[in-house]
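Trainee: Structure provided below as structure tokens; questions to follow.
Only the coordinates and a few stated rules stand behind these numbers; no lab work does. Since this is a predicted model, take the numbers as computed values, not measurements. Cβ coordinates were reconstructed from backbone atoms using ideal geometry, including for glycine residues, and neighbour counts include every protein chain displayed.
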Amino acid sequence: MYLKPNSPAAASAGKSLIGFNIINGRELEGDLSMIESRSAVDKRDLVGVFPDSGEKDVARAAKAAAEAFTTWSATPAPVRGAVIQRAGQILTEQKEKLARVITREIGKTPREALGEVQEAIDTCTFFASEGRRLYGQTVPSELPDKSLTTYRRPVGVCGILAANNFPLAVPSWKIIPAILCGNTVVWKPSDDAPTIAYLFLLALMDAGLPPGVVNTVNGRGRAGCGKHFLAGIDKGFYQKFSFTGSTAVGRMIGEACGRNLIIPSLELGGKNPMIVMPDADIDLAVKGALWAAFGTAGQRCTSLANLILHEACAAEFKQKFMAGAEALEMGNPMTDPDVTYGPMINSRFAEGFREHWEKGRADGAKLLSGGEQWTEANRDGRVKGHIEHGLYMQPCVWDGVTPDMWLFQNEVFGPTVNLTTVKDFDEAMACANGTPYGLSSSLYTENRHWVERFKREIKAGMASINNSTTGAEAHMPFGGNGWSGNGTRESGMWVIDWYTRWQAVNDDASGRLQLAQIETDYG
Ligand code: UN1
């Protein structure tokens, strides 16, 4: 069978793509050399080569986006919604193939990769029909024969930068509402996952998105293209910037946006707590905790970090949790689709993970399991498939962790979790709120009073009752407080507020000069 070289079919069948930047609807090479996207599952597998873009590419993309804005912002919102609807249909048709590319590129398990494509489809479904709403208001005037109305107006060119762990779903949370509202986009995809980004853009173009509405500049991170891309904030390239990633980079972006009076959307780190009370369904809580801590190899901003156990159920919980952790299967998700988790996405994450072993030991926390990378030498029956050419980590459980420890306070991407034992609900809440972060959180209990208090007192932007910290639905407000963000939200109707500005229109049909607040007739 002939496979179009740059297609989901080819990429999911193991071929290497030669990808491009897409600027003004044209596939372009970059100013610099090329970067390689290698599979996290097996570094010998070359998924694609992409341009490494420089300053000129970023300027070119920003210019294309600014030019496309005039026509796109004047296109009726239901027509913009129809393009998004077609994009959702194309993603649905390509779902299995795109999921396979996600697994191949960043090592997410097939089940989770399918879930990620579904999250992008759900986003398209929601915003396709938002094109027929995008409501403004009519407001009564204090003066006769005058109508007051409000309109949502697009902001302009949006710069978009997101992490490698949800390389399709999270960019879709930003790009889809941005363009539905009439904005145009310059997107720098993660250099760990340019292939899935490129295939997403091809789907948008196949859906009929006009040239220049979404443009990509590929390339290296902070040392290369990423630097030029962010420099665009001070050059006035963007009227809006949306970022998902680390708190440190978020602060930098926030500062640059502040200087330029731009409101950024910042979705940053997390140190997500889960409280387990003695009246909880302990088996259910164990399942939720295992999934939240180790699913996606712990590489979600919503992953569970601090597991806070009431002393009356701590022993039973620990015993069941450790038995569950011992039974996890890990390894190569390309050949063994049923593993719980696969490799670390890149060597930077793996390095941070190795570092946390050292910090945890220095803290004096007790390592109940884990603490090493899986290799051919130390692998056991739980490890599936070929792992020699990827970064596969043992599931790590720390006990005796207290809020003053480094482990409790710092975000770690990777399959690791801290156990903390507390005396009562008050102490549990103090621990849960005892970090500077506030993204996701969870409580397991059957007690209505504690549930009510948790919902009110927890500082996190997202609170789960009797469920995992991960797995937000695609139409609920997603975002955090404290160091987890700047208070903006993604998804659902709430994200619209961050991609539009309210315009107040004052339309006087009286034929006189009428002034609010002033009782004078100058006419
Ligand atoms: C992220 O890790 O950046 O709620 C996003 C969840 C997913 C999204 C995570 N729907 O875990």
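Trainee: So what J values fall out for the stretch 66-71 if you push phi through Karplus, 6.51 cos²θ - 1.76 cosθ + 1.60 with θ = phi - 60°, rounded to Hz, Gly and Pro as x?
Mentor: Computed from phi, the couplings for the stretch 66-71 are 5, 5, 5, 4, 4, 6 Hz.
Trainee: For residue 409 and residue 361, compute 0.36 nm times the residue count separating them, minus their Cα-Cα distance, and round to one decimal in nm.
Mentor: Extra length available between residue 409 and residue 361 comes to 15.8 nm.
Trainee: Determine, for each peptide in 263-274, 348-359, 410-421, 283-294, the mean count of other beta carbons within 10 angstrom over its residues, then list the peptides with the highest first.
Mentor: Numbers: 263-274: 26.1, 348-359: 16.8, 410-421: 24.0, 283-294: 21.6.
Descending mean neighbour count gives 263-274, 410-421, 283-294, 348-359.
Trainee: Something else about it: Pairs of Cα atoms under 8 Å, at least six residues apart: use those to get the relative contact order of the stretch 166-317, whole percent.
Mentor: 16
Trainee: Search the structure for amide H atoms under 5 Å from the amide H of residue 34, placed 1.01 Å from N in the peptide plane, and list their residues when 5 or more places away or on another chain.
Mentor: Long-range HN contacts for residue 34: 52.
Trainee: Taking every pair of alpha-carbon atoms in the stretch 21-67, what share in percent sits in each 5 Å bin, from 0 to the bin with the longest distance?
Mentor: Result returned by the calculation: 5, 21, 23, 18, 13, 10, 7, 2, 0.
Trainee: Taking the alpha-carbon centroid of each part, what is the distance from the stretch 21-63 to the stretch 426-445 in angstrom?
Mentor: Their Cα centres are 41 Å away from one another.
Trainee: Between residue 3 and residue 259, what is the label-point separation in nm under the 7 Å Cα-to-beta-carbon projection?
Mentor: According to this spin-label approximation, the distance is 4.5 nm.
Trainee: Sorting 368, 230 on the 10 Å Cβ count, fewest up front, what's the list?
Mentor: 368, 230
Trainee: Restricting to bridges with both residues inside the stretch 294-442, how much of the DSSP beta-bridge set is antiparallel, in percent to the nearest 5?
Mentor: 25
Trainee: Over the chain, what is the percentage of antiparallel beta bridges among all DSSP beta bridges, to the nearest 5?
Mentor: 40
Trainee: On full extension of the chain, what length is gained from residue 378 through residue 465, given 0.36 nm per residue of separation minus the C-alpha to C-alpha distance?
Mentor: 27.5 nm
Trainee: Also, I was wondering about something else. Tell me, 502, 483, 398 in order of fewest to most beta-carbon neighbours within 10 Å?
Mentor: 502, 483, 398
Trainee: Oh, and also: When 42, 497, 507, 52 are ordered from fewest to most other Cβ atoms inside 10 Å of their Cβ, what list results?
Mentor: 507, 497, 42, 52
Trainee: Something else now. What residues qualify as long-range amide H neighbours of residue 299, i.e. H under 5 Å apart, gap of 5 or more or another chain, H built at 1.01 Å from N?
Mentor: The answer is 414.
Trainee: To continue, here is another question. May I ask for the angle, rounded to the nearest 10°, between helix 247-259 and the longest principal axis of the chain, with both axes built from Cα atoms and the value confined to 0 to 90°?
Mentor: 20
Trainee: As an exercise, use a Förster radius of 30 Å and the Cβ-Cβ distance of residue 141 and residue 475 to find the FRET efficiency, rounded to the nearest 0.05.
Mentor: The computed FRET efficiency comes out at 0.30.
Trainee: Here's something else I'd like to know. Label-point separation (nm) for residue 129 and residue 517, each offset 7 Å from Cα along Cα-to-Cβ?
Mentor: Result for the modelled spin labels: 4.3 nm.
Trainee: If you plug each phi of the stretch 498-509 into the Karplus form 6.51 cos²θ - 1.76 cosθ + 1.60 with θ = phi - 60°, what whole-Hz ³J(HN,Hα) values come out, in order, with x for Gly and Pro?
Mentor: Listing the rounded values in order: 9, 10, 9, 10, 6, 10, 9, 10, 10, 10, 9, 10 Hz.
Trainee: Right, here's the next one. Show the residues, 5+ positions off or on another chain, whose built amide H is closer than 5 Å to the amide H of residue 422.
Mentor: Hits under the 5 Å cutoff: 309, 310, 311.
Trainee: Same structure again: Multiplying the sequence separation of residue 287 and residue 457 by 0.36 nm and subtracting their Cα-Cα distance, what value in nm do you get?
Mentor: Full-extension gain reported as 58.7 nm.
Trainee: Output ³J(HN,Hα) for the stretch 154-169: one whole-Hz value per residue in order, computed from phi by the Karplus curve 6.51 cos²θ - 1.76 cosθ + 1.60 with θ = phi - 60°, and x for Gly and Pro.
Mentor: Calculated HN-Hα couplings, in order: x, 8, x, 8, 9, x, 10, 9, 9, 7, 8, 7, 10, x, 10, 5 Hz.
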